[in-house]
1. Please work out the Cα center distance from region 302-326 to region 6-83, rounded to the nearest Å.
2. Placing unit charges on C-beta atoms (Lys and Arg positive, Asp and Glu negative, everything else neutral), compute the dipole magnitude of region 1-97 about its Cα centre in debye, rounded to 20.
3. Tell me whether region 263-404 comes out rounded, prolate or oblate; compute the Cα gyration tensor, take square roots of the eigenvalues as a ≥ b ≥ c, and use a/c under 1.5 as the rounded threshold.
4. What number, rounded to the nearest 500 deg cm²/dmol, is the helix-based mean residue ellipticity at 222 nm of the chain, given -39500 (n - 2.57) per DSSP H run of at least four residues and division by all its residues?
5. Treating only the Cβ of Lys, Arg, Asp and Glu as charged (+1, +1, -1, -1), what charge dipole size does the chain show about its Cα centre? Round to the nearest 20 debye.
6. Calculate what fraction, in whole %, of the accessible area of the chain sits on carbon and sulfur atoms when a 1.4 Å probe is rolled over the protein chains.
7. Kindly identify the chain as rounded, prolate or oblate by the Cα gyration tensor criterion: order the square roots of the eigenvalues as a ≥ b ≥ c, call it rounded if a/c is under 1.5, otherwise compare a/b with b/c, prolate if a/b is larger, else oblate.
8. Using only C-alpha atoms and all pairs of different ones, pull out the Kirkwood radius for region 201-252 in Å with one decimal.
Amino acid sequence: MAARLVIEGGVPLRGAVSASSAKNAALPALAATLLTAEPVVLENLPALADVTTISRLIEQLGAEFAVERDGATRVRVARVKSHEAPYELVSTMRASVLVLGPLLARTGVARVALPGGCAIGLRPIDLHLKGLRRLGADIGIENGYVEARASRLKGCRISLDLVTVTGTENLMMAAALAEGTTVIENAAREPEVVDLARLLQAMGATIEGAGTERIEIVGAAELGGCRHRIIPDRIETGTLLVAGAITGGDVTVTNAVPRHLGALLAKLEEAGAVLDVGENRIRCRGPERPRPTDVITSPFPGFPTDMQAQLMTLLGLAEGLSRITETIFENRFMHAAELNRMGARIEIDGAMALVRGVPHYQGAPVMATDLRASASLVLAGLAARGRTEVSRVYHLDRGYERLEAKLQSLGARVGRLA
Ligand code: EPZ
């Protein structure tokens, strides 16, 4: 049986814990190392399964890894030795598609397996491909692979039909080595996009407007190496704050960036949590019982879809009805059925979840279905009466570094059974 977490609920969490660096900034940063033959030093890569997966992928493409004395990771793609991102890797992690733009820009050739759907939705990459075609690439789809070729990408104006985080990142990386200037309109504004732009600028790229809906990239003939520190993980930070709120505890997350979490902090306060927000730390004291509120997920700076499951878990204990609307993915309510098995009263109606708060959850054996759903089940277990077993925690390990150790340091009774 795969590893599972066992939680004895009902303990108010107290204390301070530091957030790790962001998975969704580390993944594009590792892909960006393909853009130069010089070494790129990433100071604080998080120890996550997804980071291991993309590291293995770029190693197959030619990256050499070394660990520096201070623990930083040195990545160098002196020579690209393969142009193919194989299905067996891409199918385990769709963010592998982030190698497409840099590989094509660096070598003019890329063969990347089309990512299949995943638990939370179809998640096509049509906008990535449409943007690369605009940059002058020939893109074909054969046998489940994207076959891309381009002698030299040419800068242009790209207007994205939808806000896409990795689509913006892929196109920004491709444009960094294109001839001339590229403007990406309707670009994603997520902090992870801004962090990638910061890394590309340190490599010598000229980029304006990252963090706004219009990003301008002036292509360079080549890019160089640099040293880069990855931003803290705002979703892990939010998850730990909800852990404090849902157990009626008092949790401070250090190494946090409050401006990356504005929408979540507002919802936590609407739900009755008392927050103290410092320069790089956020303290959350939980209410006796949460108050209901309504949530609509949307691209940054709106409420992040990656926090929807965690907030649903908190609102599942509120005194009244909350309505949660998921606008980003078409199937991101799978945690609701598991929460209902713990006593929640959640009804799904298309893109909306109606959450009728209950006084408490009962511990139960539950199963994780995707990364953020697994976090929401852990949160429910922390608040529940009795014992909860969360199976398939490999989902959790993709995006949370040593989560149970962090929760234990806050007093949680949680352990991992292999
Ligand atoms: C990124 O995924 C994140 N992953 C996701 O985090 C996050 O949930 C998502 O952005 C939304 O914020 C990484 O950064 C590695 P999108 P991404 O392209 O880029 C549709 C987690 O838990 N779309 O912004 O794949 C798509 O189907 C993960 O850490 C197209 O239709 O998401 C979705 O409905 C889960 N065509 C919407 O846009 C495209 O070409 C937003 O997707 C691209 C996207």
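The values are calculated or read from the model by the stated rules, or taken from the named source; none is laboratory data. These figures come from a predicted structure and were not determined experimentally. Glycine gets a Cβ as well: all are built from the backbone with ideal geometry, and neighbour counts include every protein chain shown. Quick note on the areas: whole protein, heavy atoms, side chains included, nothing else; ligands and nucleic acids left out. Shrake-Rupley method; radii C 1.70, N 1.55, O 1.52, S 1.80 Å.
1. Between the Cα centre of region 302-326 and that of region 6-83, the gap is 30 Å.
2. So the magnitude is around 80 debye.
3. Rounded, since a/c falls under 1.5.
4. -9000 deg cm²/dmol
5. For the chain, the charge dipole is close to 500 debye.
6. Carbon and sulfur atoms account for 49 percent of the accessible area of the chain.
7. Because a/c hits 1.5 or more and a/b exceeds b/c, the chain counts as prolate.
8. Its Kirkwood hydrodynamic radius stands at 14.5 Å.
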